[in-house]
Amino acid sequence: MFFLKKKFEGSPVYVRVAPFAIFLALTFCQGSSQTARPFVFYLLKTVVGAWILWEMRPYVAEMKWAFSLDAVVVGIAVCVMWIGIDNWYPKFSKAEAPLNPHVIFGQNSATAWFFIMVHLLGSTFVVPPLEEVFYRSFLYRYFVKIDFQAMPFSRFHPLSFVVTSTLFGFEHYQWLSGILCGMAFQAIVIRKNRIGDVITAHAITNFLLGVWVFWKGAWSFW
């Protein structure tokens, strides 16, 4: 823990990149087997992610949630878009069998609902700040200026806008939805000159998508 704090304190790049890299590595380890393993790993990475966010706070001044009409509107619109266009564009790989906790742990079992809530809370409160700090605070600006902290969030750079949004999109199986989402989120940052609103928008999108998943049984979105 002391080593991590020292690295965070000494490098504005490290404190914005390492947490995302750790979370991404845990995601790869998670796997997609029809067993309890992916669910346990999601719990693990959510706890680790929450702890890392806590450790990051003193060193990432921009990582502050902000509520605005823009955040609400974009958060809802992105969720609707994500669901609405899913069947209208090709994917680059065959979809794996969705992980349904009711099948793994028993229909409406307490364990199934526990892991559903873990996923909902993790995707709402842990994923947004980790991803937005990496993509919108660090990567977007670093592509333009090595001294990225000297670049205001409100600056529009067309190439970085497209590249960052595309990389964000290809992090997801629903790549086109991800690219459009990345563009919408970056536009909020540019408009507001801060990332707090987009953290909130991202959280709203993920929360609503999560509700849709367990309400409609659309487990493929998770």
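Here are the numbers for this structure:
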read-out: Any hit, region 167-176, residues being buried (at least 18 other Cβ atoms within 10 Å of the Cβ) and of a type in the set (Asp, Glu); value: no
read-out: Flag for Ala218 being open to solvent by less than 50 Å² (accessible area, probe 1.4 Å), small (Gly, Ala, Ser) and within 24 Å of Ser33 (Cβ to Cβ); value: yes
read-out: Long-range neighbours under 6 Å by Cβ, at least six apart or interchain, first residue in contact (Cβ under 8 Å) with a residue 60 or more places away in the chain and within 21 Å of His119 (Cβ to Cβ) within region 84-102, second loosely packed, with under 15 Cβ neighbours inside 10 Å and not β-branched (Val, Ile, Thr); value: Glu96/Ser32
read-out: Residues located in region 59-72, provided they are loosely packed, with under 14 Cβ neighbours inside 10 Å and over 16 Å from the mean Cα position of the chain (by Cα); value: Ala61, Phe67, Leu69
read-out: Flag if Phe20 is at pLDDT 95 or above and either closer than 29 Å to Phe114 by Cβ or touching a His at 6+ places or on another chain (Cβ under 7 Å) (or both); value: yes
read-out: Condition broken by Met56, with the remaining ones in (1) farther than 22 Å from Phe221 by Cβ; (2) loosely packed, with under 15 Cβ neighbours inside 10 Å satisfied; value: (2)
read-out: Search result, residues across region 1-44 that are surrounded by fewer than 14 Cβ atoms within 10 Å (Cβ to Cβ), among the β-branched types (Val, Ile, Thr) and closer than 18 Å to Pro129 by Cα; value: Val13
read-out: Positions within region 173-221 being within 19 Å of Ala71 (Cα to Cα) and of a type in the set (Gly, Ala, Ser), in sequence order; value: Ser177, Gly178, Gly182, Ala184, Ala187, Gly196, Ala201, Ala203, Gly210
read-out: Residue satisfying all of: in region 189-222; out of contact with any Gly (no Cβ under 8 Å at 6 or more places or on another chain) and of a type in the set (S, T, N, Q); farthest from Gly75 (Cα to Cα) among these; value: Ser220
read-out: Qualifying residue in region 90-111 (condition: within 27 Å of Arg191 (Cβ to Cβ), of a type outside the set (A, V, I, L, M, F, W, C), open to solvent by 40 Å² or more (accessible area, probe 1.4 Å) and out of contact with any helix residue (DSSP H, G or I) (no Cβ under 6 Å at 6 or more places or on another chain)); value: no
read-out: Leu120 being open to solvent by less than 20 Å² (accessible area, probe 1.4 Å) and touching a Pro at 6+ places or on another chain (Cβ under 7 Å); value: no
read-out: So Ala25, is it without any contact (Cβ under 8 Å) to a residue 12 or more places away in the chain and within 15 Å of the chain's Cα centre (by Cα); value: yes
read-out: Any hit, region 89-100, residues being at negative phi and part of a helix (DSSP H, G or I); value: no
read-out: Residue check, Glu132 surrounded by 21 or more Cβ atoms within 10 Å (Cβ to Cβ) and either under 24 Å from Gly49 (Cβ atoms) or modelled with pLDDT of 95 or more (or both); value: yes
read-out: Long-range neighbours under 7 Å by Cβ, at least six apart or interchain, first residue within 15 Å of Tyr140 (Cβ to Cβ) within region 173-185, second of a type in the set (S, T, N, Q) and open to solvent by 10 Å² or more (accessible area, probe 1.4 Å); value: Ile179/Thr166
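The values are calculated or read from the model by the stated rules, or taken from the named source; none is laboratory data. Values in this document were obtained by computation on a predicted structure and should not be read as measured data. Cβ atoms come from the backbone with ideal geometry, glycine included; neighbour counts cover every protein chain shown. Each accessible area value is taken on the protein alone, full model and side chains, heavy atoms only, with ligands, DNA and RNA left out. Shrake-Rupley method; radii C 1.70, N 1.55, O 1.52, S 1.80 Å.
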